[in-house]
Amino acid sequence: MLARPLRLHRPAEFRLVTRQGRRVSEPGLVLHAHRADDAATRVGFVVGKVVGPAVTRNRVRRRLQHLLAARLNKLPAGARLVVRATATAAGRSSAALAESLDRALAKAYP
């Protein structure tokens, strides 16, 4: 799980990243990446009802949080990310989600 200071909370923060950030699509997820002026890296997750019932959505969100927590040290200072799970995310293995996340991060921050 990501610590509270590392997560996006406010709708305005999500809106800023999704509207002004770079969008990268990969199987199972869509990544929105933006850089802020401060040095804090912050991440938000969007897992909609299209993914499945609440239990499935929470499982997908926890898997994505775990995968991203291991990659936070590779992100540049001030990185803001919104990771949105697509309908196929629940059916993908953690290894497949990790590959998608790695490819998306490489495209967003070359």
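Observations
- On inspection, residue 55 fails the criterion of being farther than 15 Å from residue 105 by Cβ and part of a strand (DSSP E or B).
- Filtered by the rule that a residue be among the hydroxyl-bearing types (Ser, Thr, Tyr), in contact (Cβ under 8 Å) with a residue 12 or more places away in the chain and open to solvent by 20 Å² or more (accessible area, probe 1.4 Å), segment 56-110 gives 56, 86, 88, 94, 109.
- In the set (1) closer than 19 Å to residue 46 by Cα; (2) at pLDDT 95 or above, residue 95 fails one condition alone, (1).
- Annotation: residue 87 fulfils all but one of (1) closer than 21 Å to residue 3 by Cβ; (2) in a loop (DSSP other than H, G, I, E, B); the unmet one is (1).
- The set of residues in segment 25-53 being within 21 Å of residue 93 (Cα to Cα) and open to solvent by 50 Å² or more (accessible area, probe 1.4 Å) consists of 25, 27, 46, 49, 50, 53.
- Extreme residue, most open to solvent (accessible area, probe 1.4 Å), among residues of segment 1-12 that are basic (Lys, Arg) and either at pLDDT below 90 or touching a strand residue (DSSP E or B) at 6+ places or on another chain (Cβ under 9 Å) (or both): 4
- Residue list for segment 13-24, restricted to those being closer than 17 Å to residue 78 by Cβ, open to solvent by less than 60 Å² (accessible area, probe 1.4 Å) and either free of Cβ contacts under 8 Å to residues at least 60 places away in the same chain or not in a helix (DSSP H, G or I) (or both): 21
The values are calculated or read from the model by the stated rules, or taken from the named source; none is laboratory data. What you see is a predicted model, and the numbers here were worked out from it, not measured in a lab. All Cβ positions, even for glycine, are placed from backbone atoms using ideal geometry, and neighbour counts span all protein chains on display. Please note that ligands, DNA and RNA were not included when accessible areas were found on the heavy atoms of the full protein model with its side chains. Shrake-Rupley method; radii C 1.70, N 1.55, O 1.52, S 1.80 Å.
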